[in-house]
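Here's the structure we're looking at; comments come further down.
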Amino acid sequence: RVTVIGSINLDTNLRVRKMPKPGETIHATGHYSAAGGKGANQAVAAARSGCKVSFIGGVGNDAPGSEMLNLLKKEGINTSGIITAPHESTGQAFITVDDNGQNSITIYAGANYAFGPNEVVQNKALIANSDFLIAQFETPLEATIKGFEIAHAEGVTTILNPAPALTEIPADLLKLTDIITPNETEAETITGIKVIDEKTAQEAAAKLHQQGVATVIITIGAKGAFYDYQGQYALIPAFKVKAIDTTAAGDTFIGAMTSVLKPDLTNLKEAILFANKASSLTVQKFGAQPAIPFAKDIKLVK
Ligand code: ADP
């Protein structure tokens with residue numbers, strides 16, 4: 001059982017030949033919309049990997065909001081902890097990709113910031129009944145800290161995905177974090193160490209241990225994922241595949257890993273291997289949630 005405190009976005013993806021300059025109007029050559037938001041992506045990844053998932057978050061009282069809620073319900077996710085904000089719109093991300101594969105993204109966070117510690121306290125039972133609580137940085141920090149405090153008191157393992165990167169993570173939050181899962185850029189922002197391989201990942205992990213986080217997992221794109229836990233560490237290589245769109249690779253990794261991880265973390269290595277398999281499927285498809293795989297397909301990856 002997993003609870004996610006996190007963001008819910010409607011992603012609008014536009015394909016263009018060249019990025020528009022300020023003042024310029026251009027035609028897109030392709031368009032699609034899909035559900036996204038790091039929190040929702042991680043919840044969907046955990047659910048598709050076979051986990052019971054509850055969500056704490058916010059949507060607006062608008063069409064994208066009811067669409068996103070319905071999509072999460074269809075995944076079997078418990079949405080009772082999602083508030084509908086009366087005066088905010090649902091979070092939206094506008095993603096433009098040019099013919100060189102360069103992207104530019106504008107996010108309106110909207111209802112993702114329309115809840116706080118009080119709403120988390122109201123959903124205390126969801127957290128208390130979970131094995132894991134996952135959060136990211138696309139929702140209010142005070143809400144995450146409150147959630148992690150509850151988790152800590154209830155013996156629930158906390159997983160912090162520090163994305164998008166923050167230079168200063170509150171020390172209080174790190175002390176309440178059992179597992180931190182930055183990617184290489186986020187690891188660099190937090191620790192100042194450029195992570196490119198096992199050695200540099202271990203240096204970055206050492207800094208995070210000093211700040212009170214016992215288990216560090218750093219994803220390094222096509223190189224795989226590094227873990228450092230109870231004096232054991234290793235880089236588990238990624239699967240060799242042809243990546244066409246890495247959106248939600250990290251989110252898939254976290255959801256899939258959590259769904260198979262034992263609360264005492266004794267199978268961390270196997271969980272990371274499963275997560276590498278899952279995200280190797282995600283990078284071979286376009287979009288965020290449409291690309292997230294199901295357990296039966298993940299198990300077939302060799
Ligand atoms: P994020 O999406 O947060 O930037 P990463 O790029 O580190 O995260 O990717 C997360 C995981 O997805 C990696 O640890 C790896 O398992 C998988 N992955 C990412 N890119 C590739 C790739 N090109 N080929 C195979 N697996 C990949």
- Sort through THR189, THR215, THR200, THR177 and tell me the only one that's modelled with pLDDT of 95 or more, surrounded by 21 or more Cβ atoms within 10 Å (Cβ to Cβ) and among the polar types (S, T, N, Q). THR177
- Query: Among the residues of the stretch 158-192, which ones are away from the ligand (no atom under 16 Å from the Cβ) and not in a helix (DSSP H, G or I)?
  - Reply: THR158, THR167, GLU168, ILE169, PRO170, LEU176, THR177, ASP178, GLY192
- Note on the structure: Quick count over the stretch 25-64, residues being within 20 Å of GLY147 (Cβ to Cβ), assigned to a loop (DSSP other than H, G, I, E, B) and either touching a residue at least 60 places away in the same chain (Cβ under 8 Å) or among the polar types (S, T, N, Q) (or both), is 2
- Task: Please state which one of LEU261, LEU235, LEU281 is surrounded by fewer than 21 Cβ atoms within 10 Å (Cβ to Cβ) and either away from the ligand (no atom under 14 Å from the Cβ) or not basic (Lys, Arg) (or both).
- Result: LEU235
- Could you please let me know if ALA288 is at pLDDT below 95 and among the aliphatic types (A, V, I, L, M)? yes
- Do we find that ALA271 is assigned to a helix (DSSP H, G or I), within 15 Å of the ligand (Cβ to nearest atom) and closer than 21 Å to ASP11 by Cβ in this structure? no
- Item | Selection count, the stretch 65-78, where residues are in a helix (DSSP H, G or I) and over 20 Å from PRO140 (Cβ atoms) | 6
- Item | Every residue from the stretch 208-232 that is within 14 Å of the ligand (Cβ to nearest atom), assigned to a loop (DSSP other than H, G, I, E, B) and in contact (Cβ under 8 Å) with a residue 40 or more places away in the chain | GLY224
- Item | Condition met for LEU160 (at pLDDT 95 or above, touching a strand residue (DSSP E or B) at 6+ places or on another chain (Cβ under 9 Å) and buried (at least 23 other Cβ atoms within 10 Å of the Cβ)) | yes
- What residue, of ALA205, ALA238, ALA201, is part of a loop (DSSP other than H, G, I, E, B) and among the small types (Gly, Ala, Ser)? ALA238
- Of the candidates GLU142, GLU149, GLU184, GLU119, the one satisfying the condition of being within 17 Å of GLY6 (Cα to Cα), crowded, with 19+ Cβ neighbours inside 10 Å and charged (D, E, K, R) is GLU119
- Message: Whether any residue in the stretch 35-49 is surrounded by fewer than 24 Cβ atoms within 10 Å (Cβ to Cβ), closer than 25 Å to SER104 by Cα and in contact with a helix residue (DSSP H, G or I) (Cβ under 6 Å, 6 or more places away or on another chain) is what I want to check.
- Response: yes
- Message: For the stretch 281-302, give me the residue count where each residue is in contact with an Asp or Glu (Cβ under 9 Å, 6 or more places away or on another chain) and part of a helix (DSSP H, G or I).
- Response: 4
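The values are calculated or read from the model by the stated rules, or taken from the named source; none is laboratory data. The model shown is predicted, which means the values in this text are computed figures rather than measured ones. Please note: Cβ atoms are built from the backbone with ideal geometry, for glycine as well, and neighbour counts cover all protein chains shown.
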